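Notes follow the structure.
What follows draws every value from the coordinates through simple rules; no lab data is involved. What you are looking at is a predicted structure, and each value in this text was computed from that prediction instead of being measured. Positions of Cβ are generated from backbone atoms using ideal geometry, with glycine treated the same way; all protein chains shown enter the neighbour counts.
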Amino acid sequence: MNQKPYWVGFNLVKGIGAVRLAALINHFGSPEEAWKAPAADLYAVNLPQKSIESLITTRKEIDPEEIFEKITSNGIQIITRDDPEYPERLACIDQPPPVLYCRGTIKPEDRWSVALVGTRRVTSYGRQVTEQLATYLARNGITVVSGLARGVDGTAHQAALNNGGRTIAILGSGLDQIYPPEHRALAEKIIENGAIISDYFPDTPPDAANFPPRNRIIAGLSLATVVIEAGEKSGALITATFAAEQGREVFAVPGPIYAPQSKGTNRLISEGAQPMLSPEDILEALNLKKVDQYKQASLLLPVDELEEKLLGILDLEPMYIDDIQSRSGYPVEKVAAALTMMELKGMVRQIGGMTYMAIRDGQEGYQTR
């Protein structure tokens, strides 16, 4: 039975997000069973009264099968948290969005991605840096992730496309509500060489309240987030905060101390973000100098004694990096670098907060030989 219509149905229920939906599925066994459960049985899940009432009302008003057919007939792919094509890196964050709507294609190589974000009021300096950085990433096989907004976002997407790279745009609206409108042509080009993604139901307008939550997805898809230019209250700073909370790297481009567009980035650096002084800094920090070789590696065997040892230490239960380092006997900086390499090769998975687990036979990624 196709469960996707019921995932979409729950996506329309106010008051039921990732945590409450997971509780319903755990209790009833599937989204369909939860959707069709008698009203009296819903109270056994200990959901708030308003959430239960919202669910009961919504399922009287909509037909999930009909809505699903309408969405897919418009060329929109529905990816649920249970699908193998759900982005692996996004799945590792706390409370990943249960449903993603997608036009285009998410590919395995998109696990090597970096988010470029910043102000809509980009200066000529910020535009130059964005173009240079997106060009460098694209030419080195790194997918550029951003939010399709004016300014830094649009510049990053366009530069990646101009240089034959892949790029992914995360929207703060439904996929049929491209915003800003002048980026509709850009969105179509992105679909041909990447994807546009949203966790908002089609027809959702681009309300201001939608954009801060979508920044969590931008950060969640990416190995690192680079803030090019940002004012003191820029939404790009929200993306940086999400990235830090998710255990991802945060870079910021320094700028003139009196420039409004650099106040946010300079503050990030003062608070511990890595200064981005050249595009090479990112690949160096992420150990991605040989990303093209990683992508070719179907030979994902451990390449040295340290990787072999770490693979023997890690199990399917999560383990914090300090515990891994203690058991390995190697310096923590070598262990961290090796784990980054092993994650990129699909041998281990970081599940947040510098906590790792092995990927074994039968799981996506590393296969023993």
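List of remarks:
- Normalised contact order of the range 44-192, rounded percent, pairs of Cα under 8 Å and 6 or more residues apart: 17
- If R0 is taken as 45 Å, the Cβ-Cβ distance between Gln128 and Glu33 corresponds to a FRET efficiency of 0.25.
- Helix-only arithmetic for the chain: the sum of -39500 (n - 2.57) across DSSP H runs with n ≥ 4, divided by the residue total, places the mean residue ellipticity at 222 nm at -13000 deg cm²/dmol.
- You can think of it this way: the chain between Glu109 and Lys334 has 78.5 nm of extra reach, that is 0.36 nm per residue less the Cα-Cα gap.
- Note that the range 84-129 carries a Kirkwood radius of 13.5 Å, evaluated over its alpha carbons pair by pair.
- Here the scattering of the range 41-167 is modelled by Debye summation over its C-alpha atoms, one equal scatterer each and no solvent; at q = 0.10, 0.11, 0.13 Å⁻¹ the log10 of I(q)/I(0) is -0.50, -0.58, -0.74.
- Mean Cβ neighbour count within 10 Å, used as a protection proxy, ranking 188-195, 226-233 highest first: 226-233, 188-195
- Stokes-Einstein D (µm²/s) once Rh is taken as the Kirkwood radius of the range 297-358 over alpha-carbon pairs, at 4 °C in 1.567 mPa s: 114
- Diffusion constant of the range 1-67 at 4 °C, which comes from Stokes-Einstein with the Kirkwood Cα-pair radius and 1.567 mPa s, µm²/s: 111
- With each label modelled as a point 7 angstrom along the Cα→C-beta vector, the Asn46-Asn163 pair spans 5.1 nm.
- Calculated log₁₀ intensity ratio I(q)/I(0) where the Debye formula runs over C-alpha points of the range 106-239, q = 0.18 Å⁻¹: -0.90
- Convex hull of the range 157-218 built on C-alpha atoms - directionally averaged projected area, nm²: 4.0
- Rounded FRET efficiency, nearest 0.05, which uses the C-beta distance separating Tyr320 from Glu192 and R0 of 35 Å: 0.25
- Total charge dipole magnitude, the chain, about the Cα centre, Cβ charges on Lys, Arg, Asp, Glu only, Debye to nearest 20: 760
- A full extension of the chain between Thr72 and Tyr258 corresponds to an added length of 62.0 nm, given 0.36 nm per residue minus the alpha carbon distance.
- Sites Ala285 and Asp176 - FRET efficiency at Förster radius 30 Å, r taken between beta-carbons, to 0.05: 0.20
- Measuring nothing but how far apart in sequence close Cα pairs (under 8 Å, 6+ apart) lie, relative to its length, the range 119-264 scores a relative contact order of 21 percent.
- Stretched out straight at 0.36 nm per residue, the stretch from Asn2 to Gln274 would grow longer than its current Cα-Cα span by 93.4 nm.
- Sorted largest first, extent of the chain alpha carbons per principal axis (Å): 57, 51, 35
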